1. Answer yes or no as to whether residue 301 is surrounded by 15 or more Cβ atoms within 10 Å (Cβ to Cβ), of a type outside the set (A, V, I, L, M, F, W, C), more than 27 Å from residue 323 (Cα to Cα) and touching a Pro at 6+ places or on another chain (Cβ under 6 Å).
2. Out of the stretch 221-243, which residues are over 11 Å from residue 282 (Cα atoms), crowded, with 16+ Cβ neighbours inside 10 Å and either touching a Phe, Trp or Tyr at 6+ places or on another chain (Cβ under 8 Å) or touching a residue at least 40 places away in the same chain (Cβ under 8 Å) (or both)?
3. Does the stretch 370-387 include one or more residues that are part of a strand (DSSP E or B), over 26 Å from the mean Cα position of the chain (by Cα) and over 25 Å from residue 477 (Cβ atoms)?
4. How many of the residues making up the stretch 459-469 are in contact with a strand residue (DSSP E or B) (Cβ under 9 Å, 6 or more places away or on another chain) and surrounded by fewer than 14 Cβ atoms within 10 Å (Cβ to Cβ)?
5. Among residues belonging to the stretch 301-332 that are among the small types (Gly, Ala, Ser) and assigned to a strand (DSSP E or B), point out the one that is modelled with the highest pLDDT.
6. Looking at the stretch 488-521 only, could you name the residues that are modelled with pLDDT under 95 and aromatic (Phe, Trp, Tyr)?
7. Residues in the stretch 110-124 that are among the small types (Gly, Ala, Ser) and over 15 Å from residue 465 (Cβ atoms): how many?
8. Quick check on my filter: what residues within the stretch 121-140 are part of a strand (DSSP E or B) and farther than 14 Å from residue 96 by Cα?
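The values are calculated or read from the model by the stated rules, or taken from the named source; none is laboratory data. Computed from a predicted structure; not experimentally measured. So basically every Cβ, Gly included, is an ideal-geometry build from the backbone, and we count neighbours across all protein chains shown.
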Amino acid sequence: MFKKTTFSLVAFTTLISTLQATDTALDPIVVSATQTEQSLKEVTSNIDIITASQLEEKHITSVIEALRSLGNIPIAQSGGVGQNSSFFQRGFSSANTVVMVDGIRYNDPTTTQGQAQLEHLMVNDIERIEVIHGAQSGIWGANAVAGVINIITKKATKQFQASTILEYGTYATSKLGANVSQKVGDLSYYVGANQLKSDGISTLTPRGQNPKNYEPDGYLNQTVNAKISYDLTSADTLSGQMNFSDAKTHYDGYDALTFAPLPNSVANETHQLNRLGSVGYRHTFTNADFMDVSYSRATFDKRDPLGWTQTFRGTNKEATVLGKFSYTANSFVVVGGNTLESHDTIGDHTLRSKGVFATNTNHLGNLILTQSLRNDRYDTFKDKTTGKVGAKYLFANDIALSSNYGTAYRVPSLYELYAGFYGNPNLQPETTKSFDATLRYRSLTFTYYNNRVNNLIGYNSFYVNEQVEGKSHLKGYEARYQHTFFDTVMVNVAYNRLIAKDQKGNDLARRPHDTASGALGYYPIDKLSLLGTLNYIGTRYDDAARTLQTGRYVLTGAIINYEATLKLSLYLRGDNLTDRRYQEVNGYGAYGRTLMVGLNAQF
């Protein structure tokens, strides 16, 4: 399982702090860039790929944890596992990233900005996570401003397969999982069930205090995934899939009169039920060309017995038609359209849109060109037209230069528009112009990006949402180096610089100015891997006034993987080994030293 290998191109676009010890494809396939399968080498966009083997090797639990391990997407989580989290792709808020799970839109209409709650999305049944950076509205439509996170779950192979995982560790944290899959003739199926349970830590923790000194807030997540497909003919396939998660999260409250935090409060619990489902049909014309028709529905129910008497329910309904057509041996176009309806039962409001798009790709020797154009029509806002152009030149096997320019927009969420006293129905979409360039030379890559945002949505002193005139700037660069020495030692280091300022030149909250990561892997024998990681979070403020510092700390971790047999592997994982006390969100606890031990068995 842990074969010593020299890292290929994929290493430069995958986890910066993940040590890749298993075999990987030389040129992996991605679908996020143009909504169709392409080899990574042929994509102009800047993409990170997190594979199932990498998730298993690091024993990652949730998608938010997977993003944290990338090193170039800052995370701010309000407490321990399962608590509310935000991520900042290229400095943008979570609402500026579209999240898809097997073609199902995961952004939750009941959240304040329509962002996805990745802390509840478990990874055991995930085949890969594609993180595409930069403006993608020209392909994916509204809210694909910072990029797109495309999550693809596992599917059946020809042989019957079954596996299970068992894991236990600090804070009485346990993880159980099992899955079965098989392809029988024209029928394929995959079913997985997973449970994560933890006593957790205190959600609210006074600044500088230890969360262990206060009442812990636990978490329970039970998730079921199912996938089925049937080949009607050699060219026609019907498919269906379902994801159901039931998450219960304990949290701390505030004093009703003074609003003082109560870190020892009990019996506060949020109960969230997420149900995702879709059906689809594919007709294949040739090995490369096809047409897809699909319909998906995602429902997000949130119950808070002590906070609200009614259920928050949000629903996304989406129908999509998409086709890929090659018109020369080295050129193809992807065309399609979709309708999207997002509804929130609390205010009984709905956002509706219809979009059409086309993406053209040309391979001209060593030069790759892409052009995308999309038009969206709304019943609430003015129509929007966005686009994207990209170019990539392969000078040699170890040198490549790529660049992208795109326009994008974020529509106001249902909360921002209609939330009682705080809503503002006159809000209009934010608009963004985005540019990036990436140079890869052997083991080193360097990326520069620059985004300008107009009409940023904020709020006034009374917390009423309002349009902020002027331009906000989010720019930065990423430098990465990864190399394997002697087939047994791997070094992986990265540095990221982010400048994220509003229209007045003030730093946007919770974005660290600098982050750095380092990883060292040692593979003395095929069955054993020793992995060590180090992550630095630089200056970061929790408020625009720059008074609440939540950065300037280093976290260390280590993982030992041992393959006892071909069917059984054992592992030990340690995080925050120096027991560093820190907070990602001011006033909210973060984990101290944690240890997890587990096994993975296949049948």
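1. Numbers: surrounded by 15 or more Cβ atoms within 10 Å (Cβ to Cβ): yes; of a type outside the set (A, V, I, L, M, F, W, C): yes; more than 27 Å from residue 323 (Cα to Cα): yes; touching a Pro at 6+ places or on another chain (Cβ under 6 Å): no.
Judged against the criteria, residue 301 is not a match.
2. Listed by number, the residues that qualify are 221, 223, 225, 226, 227, 228, 241, 243.
3. Yes, because at least one residue in the stretch 370-387 is part of a strand (DSSP E or B), over 26 Å from the mean Cα position of the chain (by Cα) and over 25 Å from residue 477 (Cβ atoms).
4. Qualifying residue count, the stretch 459-469: 3.
5. Per the criteria, the residue is 319.
6. Scanning the stretch 488-521 gives no hits.
7. 1
8. Once the filter is applied, which keeps residues that are part of a strand (DSSP E or B) and farther than 14 Å from residue 96 by Cα, the stretch 121-140 yields 122, 126, 127, 128, 129, 130.
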